[in-house]
1. Hey, among the residues in region 57-75 that are in a loop (DSSP other than H, G, I, E, B) and within 13 Å of residue 90 (Cα to Cα), which one's farthest from the chain's Cα centre (by Cα)?
2. Could you tell me which numbered condition residue 29 fails, if it satisfies all but one of (1) at pLDDT 80 or above; (2) over 18 Å from residue 89 (Cβ atoms); (3) surrounded by 11 or more Cβ atoms within 10 Å (Cβ to Cβ)?
């Protein structure tokens with residue numbers, strides 16, 4: 001099946017402008033961080049998952065946690081890290097460097 005569309009020059013110009021405007025809006029949203037976050041951003045992470053997200057070792061994560069450099073929650077003896085809190089914390093720290 002082969003489909004062929006014939007568009008006038010005016011239609012081509014309008015389509016081109018529409019696509020460019022849409023791309024500009026999406027890129028601005030991505031750059032400014034106004035893109036809606038996926039639901040899994042509120043997921044709670046264990047130590048291993050948090051260290052993988054941050055790209056550090058478990059020892060480094062422990063030091064960050066003990067020094068109060070990253071937000072965490074303690075449930076009994078278990079440490080949990082909210083994914084969105086970690087990402088927001090990283091974003092704030094990198095903006096002021």
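1. The qualifying residue farthest from the chain's Cα centre (by Cα) is 69.
2. Condition not satisfied by residue 29: (1).
The values are calculated or read from the model by the stated rules, or taken from the named source; none is laboratory data. Predicted, not measured: the structure shown is a model, and the values here were computed from it. Every residue, glycine as well, gets a Cβ built from its backbone with ideal geometry; the counts of neighbours run over all protein chains shown.
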